[in-house]
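What follows is one structure encoded as structure tokens, with my remarks underneath.
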Amino acid sequence: MVGIVIISHSRTLADGVAEVARAMGVGQAVVEPAGGDSEGGLGTSIDLAEAAVAAADGGDGVVLLADLGSSVLTARTLIEDAERDDLLLADAPLVEGAVAAASMAATGADLATVHAAAESAFEHRKTR
């Protein structure tokens with residue numbers, strides 16, 4: 001199964017998004033948070049992101065979702081440094097993208113399909 005990692009500046013935010021995404025993935029999707037810096041404050045941590053990828057990786061790849069700024073840079077650095085080609089950063093809104101990715105991952109979809117589902121979250125309007 002494709003895993004999902006939430007990279008956020010806030011541990012609380014990453015944990016909350018992961019919780020919602022897991023619920024929408026009907027308990028089947030593996031969603032791991034990587035929030036905050038290594039001391040528990042606001043920021044990002046490549047070490048936390050690497051650990052989350054390792055925990056989420058079921059062998060079919062991992063989709064990364066990031067909130068903003070340095071979390072995107074952390075995700076990109078992680079991908080560049082990895083000696084593998086099955087880590088993808090989704091250009092997606094954090095919560096909606098995570099929910100869409102988890103829902104799709106729960107079906108057993110492949111990496112490209114889960115990644116596309118996350119990115120399709122931009123198309124889902126809330127007020128129209």
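The values are calculated or read from the model by the stated rules, or taken from the named source; none is laboratory data. If you're wondering where the values come from, they're calculated on a predicted model, not measured in any experiment. Here the Cβ is made from the backbone with ideal geometry for all residues, glycine too, and neighbour counts use every protein chain on show. Accessible surface is based on the protein model in full, side chains and every heavy atom, while ligands, DNA and RNA are left aside. Shrake-Rupley method; radii C 1.70, N 1.55, O 1.52, S 1.80 Å.
Against the condition surrounded by fewer than 24 Cβ atoms within 10 Å (Cβ to Cβ) and in contact with an Asp or Glu (Cβ under 9 Å, 6 or more places away or on another chain), how does Met24 come out, does it pass? Can you show your working first?
Working: surrounded by fewer than 24 Cβ atoms within 10 Å (Cβ to Cβ): yes; in contact with an Asp or Glu (Cβ under 9 Å, 6 or more places away or on another chain): no.
When the stated conditions are applied, Met24 does not pass them.
Every condition in (1) touching a helix residue (DSSP H, G or I) at 6+ places or on another chain (Cβ under 9 Å); (2) open to solvent by 10 Å² or more (accessible area, probe 1.4 Å); (3) of a type in the set (Ser, Thr, Tyr) holds for Thr12 except the one numbered (1). Consider only pairs whose beta carbons are under 9 Å apart and that are at least six residues apart or on different chains; among these, list those whose first residue lies in segment 1-23 and is farther than 20 Å from His115 by Cα and whose second residue is in a helix (DSSP H, G or I) and open to solvent by less than 10 Å² (accessible area, probe 1.4 Å). Close Cβ pairs (under 9 Å, with a partner that is in a helix (DSSP H, G or I) and open to solvent by less than 10 Å² (accessible area, probe 1.4 Å)) amount to His9/Ser71.
Take the conditions part of a helix (DSSP H, G or I) and more than 12 Å from the chain's Cα centre (by Cα) and apply them to Ala21. Does it pass?
Values: part of a helix (DSSP H, G or I): yes; more than 12 Å from the chain's Cα centre (by Cα): no.
No, not satisfied.
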